[in-house]
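Remarks on the structure that follows.
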Amino acid sequence: MNLLAVERIKLFSTRSPWWCALITLALTIGFAAIIAGATPSEDRLTMSATQFGGSQFGIAVVMVLAALAVTTEYRFNTIRTTFQAVPHRSPALVAKAVVVALVALVIGEIAAFGALGLGMLMRPNDGLGLHTTQDWLNVAGLGPVFAIAAVLAVALGILIRHSAGAIALLLIYYLAVEELVQLIPKIGHHIHEWLPFNVANKFLRGSAVVDGPPPSDSPLSPGWALAYFAGIAIVFLLVALGVAKKRDA
């Protein structure tokens, strides 16, 4: 508990988490407002449309927040003090990952329900609401996906240790690589089915063909999709912990 408190204080002693949280909320809720306003009155605003900003762009900002939580310490050498206080290193890094994941979870839930609330306010006659299990996953599921993505970003930050490199790799992979993999002849589609953010999209949106980005082609059910995404994040974190133990701070 002491380590969690220390990591919480360190995280919120800098401005970047606050700015990233505000940007995430602005993107998620702002896109909901734009889409609600742009949808013709004769068309029905869908649940996934209200969550477009969070599921497509908000997650990228959350990963930036998570990576900076680690790389900033390496940049200013405060990580040395942390490792001197916790020689085994892993407990401190796990505590950091837990704190960042919890912050990402809260940001995701506030953003998702804020976007839904604004959509309901702007389009009261479209029947928006949490009527089905998939509706709940589409909205309440954003927080867990943010949290797992944050753990993945923390692990990458531990491995790379440089802010620019970690952020560039995260954003390039998330925004481009998974889609480009599909262009590989014959096997691209099969590889894409198992890539982490495509699988996370299956948890959020299921297989229904709705407006917005195309649904995930992952063969997993939504529950197993979330477990798979979490498993990948845990594997990366374990690798990062092992590397952190063996090299100099």
### Task
Report the residue count in segment 88-132 for those that are open to solvent by 60 Å² or more (accessible area, probe 1.4 Å) and closer than 20 Å to ASP43 by Cα.
6
### Query
Quick one: which helices (runs of 4 or more DSSP H) sit completely within segment 133-247 and have at least 2 residues that are surrounded by 15 or more Cβ atoms within 10 Å (Cβ to Cβ)?
133-140, 142-160, 163-172, 178-181, 196-205, 222-246
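Within segment 1-21, how many residues are assigned to a helix (DSSP H, G or I) and either hydroxyl-bearing (Ser, Thr, Tyr) or open to solvent by less than 30 Å² (accessible area, probe 1.4 Å) (or both)? Outline the logic, then answer.
Pass one, segment 1-21, residues assigned to a helix (DSSP H, G or I): 2-12, 16-21.
Keeping just the survivors that are either hydroxyl-bearing (Ser, Thr, Tyr) or open to solvent by less than 30 Å² (accessible area, probe 1.4 Å) (or both) gives 7, 11, 16-17, 20-21.
Here the count works out to 6.
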### Task
Assess whether THR24 counts as being crowded, with 17+ Cβ neighbours inside 10 Å, out of contact with any strand residue (DSSP E or B) (no Cβ under 9 Å at 6 or more places or on another chain) and either part of a helix (DSSP H, G or I) or at pLDDT 90 or above (or both).
yes
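Any idea which residue in segment 50-59 is modelled with the highest pLDDT, counting only those that are open to solvent by less than 10 Å² (accessible area, probe 1.4 Å), assigned to a helix (DSSP H, G or I) and of a type outside the set (Val, Ile, Thr)? Steps first, answer last, please.
Restricting attention to segment 50-59, the residues satisfying the condition of being open to solvent by less than 10 Å² (accessible area, probe 1.4 Å) are 50-51, 53-54, 58-59.
Narrowing the set further to residues that are assigned to a helix (DSSP H, G or I) leaves 50, 53-54, 58-59.
Now narrow it down to the ones that are of a type outside the set (Val, Ile, Thr): 53-54, 58.
Details: GLY53: 76, GLY54: 75, GLY58: 91.
The extreme case among them is GLY58.
Report whether or not LEU68 is open to solvent by less than 50 Å² (accessible area, probe 1.4 Å) and closer than 25 Å to ALA168 by Cα. Working first, answer last.
Details: open to solvent by less than 50 Å² (accessible area, probe 1.4 Å): yes; closer than 25 Å to ALA168 by Cα: yes.
Yes.
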### Task
Tally the residues that are without any contact (Cβ under 8 Å) to a residue 60 or more places away in the chain and within 15 Å of LEU11 (Cβ to Cβ), restricting the search to segment 40-75.
0
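For segment 28-39, indicate whether the set of residues that are within 17 Å of GLY157 (Cβ to Cβ) and either over 19 Å from the mean Cα position of the chain (by Cα) or surrounded by 18 or more Cβ atoms within 10 Å (Cβ to Cβ) (or both) is non-empty. Reasoning before the result, please.
First, the residues of segment 28-39 that are within 17 Å of GLY157 (Cβ to Cβ): none.
No: zero hits.
Looking at LEU116, is it within 30 Å of PHE31 (Cβ to Cβ) and in contact with a Phe, Trp or Tyr (Cβ under 6 Å, 6 or more places away or on another chain)? Spell out the reasoning first.
Working: within 30 Å of PHE31 (Cβ to Cβ): yes; in contact with a Phe, Trp or Tyr (Cβ under 6 Å, 6 or more places away or on another chain): no.
No, not satisfied.
The values are calculated or read from the model by the stated rules, or taken from the named source; none is laboratory data. Worth saying up front: this structure is predicted, and the values here are computed from it rather than measured. Because the Cβ atoms are built from the backbone with ideal geometry, glycine has one as well, and the counts that use them run over all protein chains shown. Remember, those area values only see protein heavy atoms, side chains included, never the ligands or the DNA or RNA. Shrake-Rupley method; radii C 1.70, N 1.55, O 1.52, S 1.80 Å.
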